[in-house]
1. I need the phi-derived Karplus couplings for region A:200-205: 6.51 cos²θ - 1.76 cosθ + 1.60, θ = phi - 60°, integer Hz, Gly and Pro marked x.
2. If I fit a long axis through the Cα atoms of helix B:310-319 and take the longest principal axis of the Cα atoms of chain B, what angle between them do I get, 0 to 90°, rounded to 10?
3. How many Å³ per residue does the convex hull of the Cα positions in chain B occupy?
4. Counting each pair of different Cα atoms once, what's the Kirkwood radius of region A:449-534 in Å, rounded to one decimal?
5. Calculate the translational D of region B:2-73 in whole µm² s⁻¹ from Stokes-Einstein, where the hydrodynamic radius comes from the Kirkwood formula applied to all Cα pairs, the temperature is 37 °C and the viscosity 0.692 mPa s.
6. Using the Kirkwood radius over C-alpha pairs as Rh, can you work out the diffusion coefficient of region A:188-264 via Stokes-Einstein at 20 °C, viscosity 1.002 mPa s, in µm² per second?
7. Give me a comma-separated list of calculated 3J(HN,Hα) values for region A:458-471, in order, Karplus coefficients 6.51, -1.76, 1.60 applied at θ = phi - 60°, integers in Hz, x for any Gly or Pro.
8. Can you list the residues, at least 5 places off or on another chain, whose amide H is less than 5 Å from the amide H of A:I219, using H built in the peptide plane?
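A short reminder: the numbers here are calculations on the coordinates, not readings from a lab. Model, not experiment: these values are computed from the prediction. Note that each Cβ is placed from the backbone with ideal geometry, even for glycine, and that neighbours are counted across all protein chains shown.
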Amino acid sequence: MTSKNRLFGPVAFAAVSSMVLAACAPAAPPPAPTAAPAPTAAPAPTAAPAPTKAPDPTKAPEPTKAPAPTQAPAFKGDKMAVPACKDTGEMKSIEAVDALTVKFSLCQPDPSFPYKVTGNSFGILQKDDLAKTGGDAKKINENPVGTGPFKMKEWKRGDSINLDANTAWWGGANQNKGLVIRWTKEASQALIELRSGNADGIEKVASEDFDAIKKDSKIKLVPVEALNILYVGLNNTKAPFDNEKVRQAFAMVIDRKKIVDDYYPAGSQVAQSFVPDSFKPGFSPNVKWYDVDLKAAKALLDEAKFDYTKEVPLSYREVVRVYLPSPGKVAQEIQAQMKAIGVKIKLEPKESGTFLKSASSGNETMVLLGWGADYPDATNFYDTHVGPTVKTFGKPFDDIVAQLKIGDTNSDFAKRQAAYDKTNELIKQHVPLIPVAHGVSAQAFGAGVTGAHANPLTPNEYSKMKGAKDNFVYVQSGEPISLDCADESDGETFNACGQIFETLMGFKPGTIELAPALATEYAGNPDATEWTFKLRPNVKFHNGATMDANDVVLSFVRQWDAANPYHKGDTGDFQYFNDYFGDFLNAKK
Amino acid sequence: MAQYIVKRLILLVFVVIGVLVVTFGLARAIPGDPCTSMLGEKATPEKCEAFKQRFGLNDSTPVQFVRYVTNIARGDFGQSIRDSRDVTDIIAERLPLTIELTITASFISAISGVLLGIVSSVRHNGPVDVVAMIFANVGVSMPIFWLGLLLAYLFAITLGGTSFQLPPSARISPGADLPNLLKLWHMEDATGASRFFTELLSNSYLLNAAMQGKWDVFWDVIKHLILPSVAVATVSVSIIARMTRGAMLDVFTQDYIRVARAKGLGERLVVMKHAFRNALVPIVTVVGLQFGGLLSGAVLTETTFSLAGMGTKLVESIEARDYPVVQGIVIVVSLLLVFVNLLVDLSYAYLNPRIRVQ
């Protein structure tokens, strides 16, 4: 794909873009703002996905003062559209309605769309710079041009990424002259860096160091909201879990509080439902998980004629995750707890890749697994685990799938919450999995660092932090792979990209509450198939160009359209776009 | 001598082939696959299939091996699966640090080890000898990563704020200005050997800083090298000290030493000219062998001190199942070792004329 794309070159781009994009663009002047879903008014609570507190329009630049179409006659909005929603993934069209308005139309409802575009894979690139680099990550790496608070100085491969403050940033004065991002895999080494004053903040803190850091007056611990879940999965196509009573009995035996108390850092939570309690809609406060009740469990097992002589295999991997800090110990704990009612558990530690493949294919009987949020919407948890195509827990439950469909195709908060309440009741009834814990993690900063925060899903905003020196030094767990984040998927890469490129929407520091970024406001139609974003005016890229809606359109289209000359990136996978929005346009089959 | 060198170089070809076979086989024998390492836990089987297809990992191992060897013969080490970059670029970035570290550590270990060994042998069974040998035994048994962390803690935190403070990690201080030579010389588009060697030079921070006359940066780089070099050299110091002591004590019993002393030569002359010169062959052997130890020690030291060398890259690449990088690094390190061993062999002839005659 890479070499073929090279053949296209700028000439091909000119041809393709003029024939496809420009031809699809409205021939008449851009539609009046009133044609778009009410950009001048705050999205009605029922129209927008309910969890999202729509950005306060009083804080946003006055949309009504935005230039009327007559004031910007030169602007010609780009548009990419599919003629029909067939084998095209989720996207139907992406359109620059006017210089500061972008509309996404979808082939299927997606209430989580505003959350999805917070992902660093959807940072906005400058169209002329894309033409210059040809969308090749190797060239983007040399001089990435975004709108973010920092701009590239030098990437010392293997050692550090050095960024200078962007003095033209729309977000106000940067607290630092520069930002240095370093990396080490060793949590102990990162801590020495922090304690010695060589670093102002570190990403990786071992849970066993939490107490020591709290006692150290020179540094401080900043907890990261637990947006994950550890669960015990039970496969309903494998004995003994082909009997619902057995699954319910297991749920009554496993003492989740003991596991959290004994093996998780302070601040971790016993999971009451499959999603963290901050997921709204999604979390159901009124649906309580089973209490430990060995007597009832034994009765259920006897009723199900459970064979106590047979060992039940529990497979897991010895990979430490925030949701599972001590895999082996937790597995042994479950084994010991089940033994209390005479159930024999056989522990089967497996190599990580083999285990994941086997579990997702539905070949494991009982698994100890977990999940970390990609974006804070219930769909990211429920659909990926108890959705219609998931095999980890055996055959999907039709009644759960039906409820998920309601939750997935509605932008009304109350309707979605009702569907997820029902989903949680059904999960409790069918027990495809036993939710165990939401593990907490933390970052650490120098005690004197002002504005210190730890964002749970997106990169921290270092421009709002201030350390002792001119350059803020942050130590993360690994080196970024490239700075074309459209085609990357790891957190270390995103942390660097997030300082250079910005997305349409973001989160308030340290939270999962949506906040304006390059877009000042957004609105969705009632069935969540159209999302319109109003862009922030006068945003400058690092090369001095002013951002407009066409930059946004091209940043998305280069990912969506496999035939786009800039659909190149690092490997050409554009994994997150593919994961979130389905198949690419013009993809080779 | 020329014949000897040619013979050794021919043997080198077989060594490289052996290394290729073993590395290639071992890399693929590790459980796990590059797809889940690279695309993450959420990668679907379809994505993994496409991923393997793209990197030719679906082909049989012999087919992959033949393709790999053919490419190597053309000087193409392939592309990193993780970084989508040429392995030669990665080696050019990473090798200089490892060489800087290994050479600095070699100097520290050779000079300190030999001095310690000589002093111990001269003060045989005295308090100095006992203390030196205790140090040698402790040093040889101390894990490098542990020693590294201790040194970092001591010099970066405990002695923080004093003039003895040393940086616990990285190669250079944040904000230190040491431009890449490719940029400085406007060679960003260079390819092939010129790019490789300019990158090598550029990433040899000591050479780069010296060439640009940035002596403050040069000193900064030295300060960053001290702790890792000491950490990696400690085991070698101990081994060389013990070896030197043993070799010197052996030589001290020889007749020619007794004759030299009987002739009334000063003790310093006896020790340095007569004894040490004759004890050098086994010492040089150990110093040469230690070079390999230092190279492998650099893997741990680089990890402990967060240094961007071959060691950290090797570990990263093994974890990511980034086969081309693993293979490239192992081959380069093997060639380095073979080259150093050749130098050691040649030095025997210089040190001992009898070997030259044989």
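1. 9, x, 9, 7, 9, 10
2. Relative to chain B, helix B:310-319 is tipped by roughly 40 degrees.
3. Details: hull volume 68.6 nm³, N = 358.
Taking only Cα atoms, chain B has a hull volume of 192 Å³ per residue.
4. Working: mean 1/r = 0.0683 Å⁻¹.
It works out to 14.6 Å.
5. Numbers: Rh = 14.6 Å.
Rounded to a whole number, D works out at 226 µm²/s.
6. On the way: Rh = 16.1 Å.
It comes out at roughly 133 µm²/s.
7. Values per residue, Gly and Pro as x: 10, x, 5, 9, 6, 5, 9, 9, 9, x, 7, 10, 5, 9 Hz.
8. Excluding prolines and chain starts, which carry no amide H, the hits are A:A447.
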